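The values are calculated or read from the model by the stated rules, or taken from the named source; none is laboratory data. The model shown is predicted, which means the values in this text are computed figures rather than measured ones. So basically every Cβ, Gly included, is an ideal-geometry build from the backbone, and we count neighbours across all protein chains shown.
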Amino acid sequence: MKKKILFISHPQKNCGVHEFGRAISDALQSSQQFNFVYMECSSMADLQDAIDMHSPVAVIYNYHFSTLPWLTQKIIHTKHKPLNRHISIPQIGIMHEVTQEKADTATSALFNYYIAPDPTLLLKNPIVFKTGRLIPEYNNPFTIPDKPVIGSFGFATPNKGFEEIVEAVQNEFDIAAIRFNIPAADFGDRDGSNAAKLEKKCNQLIKKPGVTLIVTHDFLEQKEILDFLAQNSINVFLYQDKINRGLSSTPDYALAVNRPLAVSDSIMFRHLHTVSPTIVYGQSTLKQIIKNGIDPLKEIQTDWNHITLVWEYERIIKAILKKEEQKKYNKQKNTWSTVKTQIRNFLGLQQNKFTWLRNTEAATDDILTVDPSQKYIPVHLPAPNVFNRILDNNARLLYKPAIKKLEELVPLTMAKKISEANVQQAFVFDTVYRLSANYKNSKILCVGSYEDTAAMSLKRLGFEVEEIDPVLNYYLQEFFSKPTTIKNSYDIIFSTSVIEHDPDDESFIKCIEGLLAPQGIAILTCDYKDGWQPGEPKPDVDARFYTKYDLTTRLLSYIPECKLIDNPHWECKNPDFNYLGKYQYTFATFVIQKTKL
């Protein structure tokens, strides 16, 4: 029998938070791993009754302080009828108005954990998880209008930008129809007076005789709002908020109807600002965005579907339940240091996981825009080219031009790194650049990309690099299981000093093999000390040092479809990298090719 997860929301329906929660809950009904039970509660007593009725293993709250004002304390213990015993269940709050600061500073005062529907967050707080957005399923039955029809919808709250849409349309079109749906809201505009005032103001802005405005005030259910959006040439949202706001849900609906979408540079649309070609009005015109069609939106439409969302929630719930079991086990051992270490290790969000690569924990400051003026000439490798090698002082000298280029492309991030370790990023940067010439429109994946200067620099040079990292989104093994991940498809996969931190390097390297396309190449670096044995000294952040046996035999035994790209040179009697004055070792490269056709 599937374990039950309560999904708690509020009963007032004319509310964006309610609609969001209902859509998420409906999608979760297809879960094959958990039974998500949706309940609407108006009081603490309602919640207690729901918990007693269903005996869930966890509770998710579609929480906003204005819609669940009665929820002011964490529900930790409750009667578990009919056994008449107490149980403890994790409480999980959905963060609607989430910002990076709020996510970083969230505590367990009200909820044990949080789920933030914001794909732009950096996951620095171990109690905060994140998901992508949910685009409703919809087949658009309507034909594209003969004349431009510009649509938008939302409640009449401040800074929604309806007036700016009217002005934008008149600036670009002599003949066009503007359609707004601005309903009354249960929270903030129950009588609809603000909506009526907004309609009047927008009508007063109409100056061109060929531009018409139609405003409706009915509250539309999901199918109705999708039908409304589907009949427009383009849907436009020009919010004016610039700081301290969460993401808006309105584009989720617009993305479902296969019509062009335009947004403002508001922080509430930050998850759409990297779409290319741009859909940000001001950086492009409405006419150009209409002309570009829906092609710029296809990638996120594929990634933010209900199948992926269910996988995200299942993954998060499993992680939380496993963590809770680990906490109980550690409590029995009554060793607080063990509790902290094991919780941190399980979550995989150690704040110091890769700190030895950096001199500071400051966030990345380099602006990662493509710079077409930047050029790079790969280093001159002595014949024969050797890719599987030790990255020692000789390599530092060889790759000095690549290090210099990294410092030129991403100077602020490079300044944070331990200089002697930069040879790894230089090798990876140069090798990816060099070998990408063997592929047409190479598909590239970086594993462990957060503040990876090789990945950052390649992107500045115009390379399209897909990024995964537990701070940004996923572990490699999680990404491999994601429903939208295409196996056997990447021409180049690179990873700088990540594999030695993973306790399960067998699954790590198997995922690399499974993701590589036939003839694809993986470029890895690792901490290396030949002859090292488990139990011998190593940095706490490392699971191991690699040895010649590991690279020549053990790892290759896990990936029979791959081989070394060349004859390796991994001899190193005198490692020349010292970390913290305690650990003497070096770096090695592991470059393989998938030979299966």
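What the table below lists for this structure:
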{"item": "Hits in segment 88-112 - residues which are among the small types (Gly, Ala, Ser) and in a loop (DSSP other than H, G, I, E, B)", "result": "ALA106, SER108, ALA109"}
{"item": "Wholly within segment 156-234, helices (runs of 4 or more DSSP H) carrying at least 2 residues that are of a type in the set (Val, Ile, Thr) and modelled with pLDDT of 95 or more", "result": "162-172"}
{"item": "Residue in segment 564-580 that is within 32 Å of the chain's Cα centre (by Cα) and of a type in the set (D, E, K, R) present", "result": "no"}
{"item": "Which listed residue, of GLY535, GLY520, is of a type outside the set (A, V, I, L, M, F, W, C), assigned by TED's automatic domain parsing to the domain that holds VAL428 and at pLDDT 95 or above", "result": "GLY520"}
{"item": "Qualifying residue in segment 264-279 (condition: in contact (Cβ under 8 Å) with a residue 60 or more places away in the chain, touching a His at 6+ places or on another chain (Cβ under 6 Å) and closer than 30 Å to VAL465 by Cα)", "result": "no"}
{"item": "Of residues in segment 236-275 being part of a helix (DSSP H, G or I) and among the small types (Gly, Ala, Ser), the one surrounded by the most Cβ atoms within 10 Å (Cβ to Cβ)", "result": "ALA254"}
{"item": "Subset tally (residues that are closer than 17 Å to LYS102 by Cβ, of a type in the set (Ser, Thr, Tyr) and either in a loop (DSSP other than H, G, I, E, B) or in contact with a helix residue (DSSP H, G or I) (Cβ under 7 Å, 6 or more places away or on another chain) (or both)) for segment 46-66", "result": "2"}
{"item": "Pick from segment 432-448, criterion outside any loop (DSSP other than H, G, I, E, B) and under 27 Å from the mean Cα position of the chain (by Cα), ranking: nearest to ILE523 (Cα to Cα)", "result": "VAL432"}
{"item": "Whichever residue in segment 422-446 is surrounded by fewer than 20 Cβ atoms within 10 Å (Cβ to Cβ) and not aromatic (Phe, Trp, Tyr) and, among such residues, is nearest to ASP576 (Cα to Cα)", "result": "ARG434"}
{"item": "Qualifying residue in segment 121-129 (condition: part of a loop (DSSP other than H, G, I, E, B), under 30 Å from ILE234 (Cα atoms) and not basic (Lys, Arg))", "result": "yes"}
{"item": "Single residue of segment 501-545 satisfying the filter (outside any loop (DSSP other than H, G, I, E, B) and among the β-branched types (Val, Ile, Thr)) that is nearest to GLN593 (Cα to Cα)", "result": "ILE521"}
{"item": "Pair list, Cβ < 7 Å and 6+ apart or interchain, from segment 32-48 residues that are under 14 Å from ILE92 (Cβ atoms) to residues that are assigned to a helix (DSSP H, G or I) and charged (D, E, K, R)", "result": "PHE34/GLU314"}
{"item": "Condition broken by ILE115, with the remaining ones in (1) modelled with pLDDT of 95 or more; (2) of a type in the set (Val, Ile, Thr); (3) not in a strand (DSSP E or B) satisfied", "result": "(3)"}
{"item": "Cβ-Cβ under 9 Å pairs, at least 6 apart or on other chains, segment 232-260 side assigned by TED's automatic domain parsing to the domain that holds GLU163 and closer than 14 Å to PRO158 by Cα, far side among the charged types (D, E, K, R) and crowded, with 23+ Cβ neighbours inside 10 Å", "result": "PHE237/LYS160; LEU238/LYS160; TYR239/LYS160; GLN240/LYS160"}
{"item": "Criterion violated by THR553 - all others in (1) part of a helix (DSSP H, G or I); (2) surrounded by 16 or more Cβ atoms within 10 Å (Cβ to Cβ) satisfied", "result": "(2)"}
{"item": "Qualifying residue in segment 422-430 (condition: within 13 Å of ILE493 (Cα to Cα) and under 18 Å from the mean Cα position of the chain (by Cα))", "result": "no"}
{"item": "Filter result for LYS487 (in a loop (DSSP other than H, G, I, E, B) and either touching an Asp or Glu at 6+ places or on another chain (Cβ under 9 Å) or surrounded by fewer than 22 Cβ atoms within 10 Å (Cβ to Cβ) (or both))", "result": "yes"}
{"item": "Any pair with Cβ under 7 angstrom, 6 or more apart, that starts in segment 354-379 at a residue that is at pLDDT 50 or above and ends at one that is in a loop (DSSP other than H, G, I, E, B)", "result": "THR364/GLU451; ASP366/VAL410; VAL370/GLY462; PRO372/GLY462; GLN374/LEU461; TYR376/LEU461; VAL379/TYR399"}
{"item": "Some residue of segment 132-155 being in contact with a Gly (Cβ under 6 Å, 6 or more places away or on another chain) and outside the structural domain of GLU451 (by TED's automatic domain parsing)", "result": "no"}
{"item": "Residues of segment 543-589 classified as modelled with pLDDT under 95 and either among the β-branched types (Val, Ile, Thr) or closer than 21 Å to PHE508 by Cα (or both), total", "result": "0"}
{"item": "Filter pass, GLU137 being part of a helix (DSSP H, G or I), surrounded by fewer than 18 Cβ atoms within 10 Å (Cβ to Cβ) and in contact (Cβ under 8 Å) with a residue 12 or more places away in the chain", "result": "no"}
{"item": "Some residue of segment 519-528 being surrounded by fewer than 20 Cβ atoms within 10 Å (Cβ to Cβ) and within 29 Å of THR552 (Cβ to Cβ)", "result": "yes"}
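Condition check ((1) small (Gly, Ala, Ser); (2) closer than 18 Å to GLY132 by Cβ; (3) within 23 Å of the chain's Cα centre (by Cα)) across all residues:
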{"position": "ASP227", "(1), (2), (3)": "no, no, no"}
{"position": "LEU238", "(1), (2), (3)": "no, no, no"}
{"position": "LYS242", "(1), (2), (3)": "no, no, yes"}
{"position": "LEU247", "(1), (2), (3)": "no, yes, yes"}
{"position": "LEU255", "(1), (2), (3)": "no, yes, yes"}
{"position": "SER264", "(1), (2), (3)": "yes, no, yes"}
{"position": "HIS271", "(1), (2), (3)": "no, yes, yes"}
